[in-house]
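Visitor: Here's a structure for you.
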Amino acid sequence: MPTYRAPRGTRDLLPTETPTWTRLERLAADLAARYGYRRIETPLFEQTDVFERGIGEVTDVVEKELFRLAPRTEESESWVLRPEPTAGIVRAYVQHGMRTWPQPVKVTQTGPMFRYDRPQAGRYRQFWQFDVEAIGDPGPAVDAEIIELGTRFYREAGLDGVEVLLNSIGDAACRPAYVAELTAYYEPHRVALPAIERGRLDRNVLRLLDSKDPAMAGLNANAPRMTERLCADCAEHFAAVRAHLDALGVGYRLEPGLVRGLDYYTRTAFEFYLVGREGQQQAIGGGGRYDGLVELLGGRPTPAIGFGIGLDRLILALTETAQAVPSEAGPTAVVVGADPDDTIARLRVVTQLRAAGVGSRAELGRRKLGKQLEAAARDGAHFAVILGDELADGNVGLRDLPAGTQKVVALADLAREIERAHAAHRHGGGPD
RNA sequence: GUGGCCUUAGCUCAAUGGCAGAGCAUCGGAUUGUGGCUCCGAAGGUUACGGGUUCGAGCCCCGUAGGCCACCCCA
């Protein structure tokens, strides 16, 4: 066992798996751009207050999962690694006066998030999210647009069986009364509640609604529903979101028990779920409207909505259904030589190829030709450029490895010849 | 944060309390300029770490770390 390991809950993404990541990150960036979202990058850490105030102090994310940075001096600020992207982005929106930009401000970001949680498969202390935020639009049309964007991301990533769970959790006008009603509903049953649920009754009543405890099923089924207690504005908004989704043909399932874990959410709340999958990795993305957050972080009242999609869990799901197989593209050409010691010749030729734009590598070790060719073939290279005696006449051998054919090519024509043959091969639909 | 299961070579796994092994992968060789197959060989280990029991521990016991599963929570 090695002396040093990646810290608990983190892992290395090896070159064998990064092609999948690169593909998804590109898809995320392309898709967001297609919808008019522009890239923003905020720091990996923020002042603790940004999250404590933004997310809410009585949330699990803040109470037990914040990754706190030890201060170097007494007077230094208190910092934490970001557990989610939205609060930092909103902080940036306020700080840079983006309210003077054309509204809404539509931004996207993909990067690592950190939560000090107990690790499990699909649950890491450092995990990646593709995030999209539209700030300054009250909806409801943008709510539907952003949910549709999320579903398209999964579809284009190649993941089937993603379901949208939708709910409205009201706003400052109607939620407090609902929370009071819900508390009153459960209170008479307090002593009969399982210990965990009893704790929720005091901490966050809404959480009782999505309890997995079978003992709660009966009680929860008859509990008052937020969607039936929405104020007129919220009810109208929710109905309009649904009408827009219907018009777009985006399927969804109403889930009255859906409560997001961060306090800043208002009205529209949604999660992307993997159907037919048990356990906690069912949620592969989620988001919602947060009309109060900008003001909470020092800006003017500004409506906004966004979502985050977990890339780790998406890739986990893709891998399990064998949809993540990366087509490992080897170098176009590998330069090998009959004289193992003549690394100068090989390096010169490969440098010339690269200057001409050909993706190539040279055998820089000193093994014999047979081994060099063997390695080139296993690399998945299309061509081997073989340097031998004919180099004295300015010629080299150009071997098509998959085809097993070989011809003599003038060094001066080498790059051009490779590009021509390689392009013909690809357009011919050969194996890649 | 709570409970449970697990940890032997880079990977997948063997080894009755009695000499730590195999397959794959890696590297080299098979008469000196031509690959994937085949054959031969080499290297690779403080059996996760620290204690204990025992004549003797990979194996039994305790602790720690890490992974996984169920909760919790979420992505």
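The values are calculated or read from the model by the stated rules, or taken from the named source; none is laboratory data. On a predicted model such as this, the values are computed, not experimentally measured, just so you know. FYI the Cβ positions are ideal-geometry reconstructions off the backbone, even for glycines, and counts take in every protein chain you see. Just so you know, the surface numbers come from the protein's heavy atoms only, side chains and all, with ligands and any DNA or RNA stripped out. Shrake-Rupley method; radii C 1.70, N 1.55, O 1.52, S 1.80 Å.
Visitor: Given axes a ≥ b ≥ c from the Cα gyration tensor, I'd like to know whether the range A:156-251 is rounded (a/c under 1.5), prolate (a/b larger than b/c) or oblate.
Guide: Oblate, since a/c reaches 1.5 and b/c is not below a/b.
Visitor: Ranked highest first by the average count of other Cβ atoms within 10 Å around their residues, in what order do A:243-255, A:336-348 fall?
Guide: A:336-348, A:243-255
Visitor: Shifting gears a bit: What translational diffusion coefficient, to the nearest whole µm²/s, does the range A:256-391 have by Stokes-Einstein, given a Kirkwood radius computed over alpha-carbon pairs, a temperature of 10 °C and 1.306 mPa s viscosity?
Guide: In µm²/s, the coefficient rounds to 79.
Visitor: Give me the percent relative contact order of chain A, please, defined on Cα pairs under 8 angstrom at least 6 residues apart.
Guide: Across chain A, relative contact order equals 15 percent.
Visitor: Still on this structure, please answer the following. When 1/r is averaged over all different Cα pairs and the result inverted, which Kirkwood radius in Å belongs to the range A:333-423?
Guide: In the range A:333-423 this quantity evaluates to 12.7 Å.
Visitor: Around A:I315, what is the net charge, scoring Lys/Arg as +1 and Asp/Glu as -1 over all other residues with Cβ under 13 Å from its Cβ?
Guide: Net charge around A:I315: -1.
Visitor: Ranked from highest to lowest mean number of other Cβ atoms within 10 Å per residue, what is the order of the peptides A:403-411, A:77-85?
Guide: For the peptides A:403-411, A:77-85, the packing ranking is A:77-85, A:403-411.
Visitor: Another question, then. Calculate the all-directions average of the projected area of the range A:236-299's alpha-carbon convex hull, and give it in nm².
Guide: Mean orientational projected area (the range A:236-299, Cα hull): 5.7 nm².
Visitor: Under a Cβ-Cβ cut-off of 11 Å, what is the net charge of the residues other than A:P340 that fall near it, where Lys and Arg count +1 and Asp and Glu count -1?
Guide: Combined, the nearby Lys, Arg, Asp and Glu give +1.
Visitor: Compute the Cα gyration tensor for the range A:132-207, then decide on rounded, prolate or oblate, letting a ≥ b ≥ c be the square roots of its eigenvalues: rounded whenever a/c is under 1.5, prolate when a/b is larger than b/c in the other cases, and oblate in all that remain.
Guide: Oblate is the answer for the range A:132-207, as a/c is 1.5 or above yet b/c matches or exceeds a/b.
Visitor: Within chain A, what whole-number % of the accessible surface is contributed by carbon and sulfur, with the 1.4 Å probe and all protein chains included in the calculation?
Guide: 52 percent
Visitor: Here is a follow-up. State the cysteines of chain A left without a partner when partners are defined as other cysteines whose beta carbon lies under 4.7 Å away.
Guide: A:C234
Visitor: Assuming 0.890 mPa s and 25 °C, estimate D for chain A with Stokes-Einstein, Rh taken as the Kirkwood radius over Cα pairs, in µm²/s.
Guide: Here the translational diffusion coefficient equals 97 µm²/s.
Visitor: Which of the peptides A:28-34, A:9-15, A:107-113 is most tightly packed, and how do the rest follow, going by the mean number of other Cβ atoms within 10 Å of each residue?
Guide: Top to bottom by mean Cβ count within 10 Å: A:107-113, A:28-34, A:9-15.
Visitor: For Cα pairs less than 8 Å apart in space and 6+ apart in sequence, what is the mean separation divided by the residue count of the range A:251-391, i.e. the relative contact order in percent?
Guide: Once normalised by length, the contact order is 18 percent.
Visitor: Which shape class applies to the range A:76-188: rounded if a/c is under 1.5, otherwise prolate when a/b exceeds b/c and oblate if not, where a ≥ b ≥ c are the square roots of the Cα gyration tensor eigenvalues?
Guide: rounded
Visitor: Given the convex hull of the Cα atoms of the range A:112-171, what is a quarter of its surface area in nm²?
Guide: 6.2 nm²
Visitor: Normalised by the number of residues in the range A:333-423, what is the relative contact order in percent for Cα pairs under 8 Å and 6+ residues apart?
Guide: This gives 28 percent for the range A:333-423.
Visitor: Tell me the per residue accessible area of the range A:225-378 using a 1.4 Å probe; a whole number in Å² is fine.
Guide: That works out to 46 Å² per residue.
Visitor: Here is a further query. Per residue of chain A, what 222 nm ellipticity follows from adding -39500 (n - 2.57) for every DSSP H run with n ≥ 4, rounded to the nearest 500?
Guide: -10500 deg cm²/dmol
Visitor: Next question, about the same structure. About the Cα centre of chain A, what is the dipole size in debye to 20, counting +1 per Lys and Arg Cβ and -1 per Asp and Glu Cβ, all else neutral?
Guide: 520 debye
Visitor: I've got another one for you. Taking the Cβ of A:H244 as the centre, find all other residues whose Cβ is under 12 Å away and add up their charges (Lys, Arg: +1; Asp, Glu: -1).
Guide: Local charge sum for A:H244: -3.
Visitor: Okay, moving on. Treating the angle as unsigned and between 0 and 90°, give the value, to the nearest 10°, between the Cα long axis of helix A:18-34 and the longest Cα principal axis of chain A.
Guide: Tilt relative to chain A: about 60 degrees.
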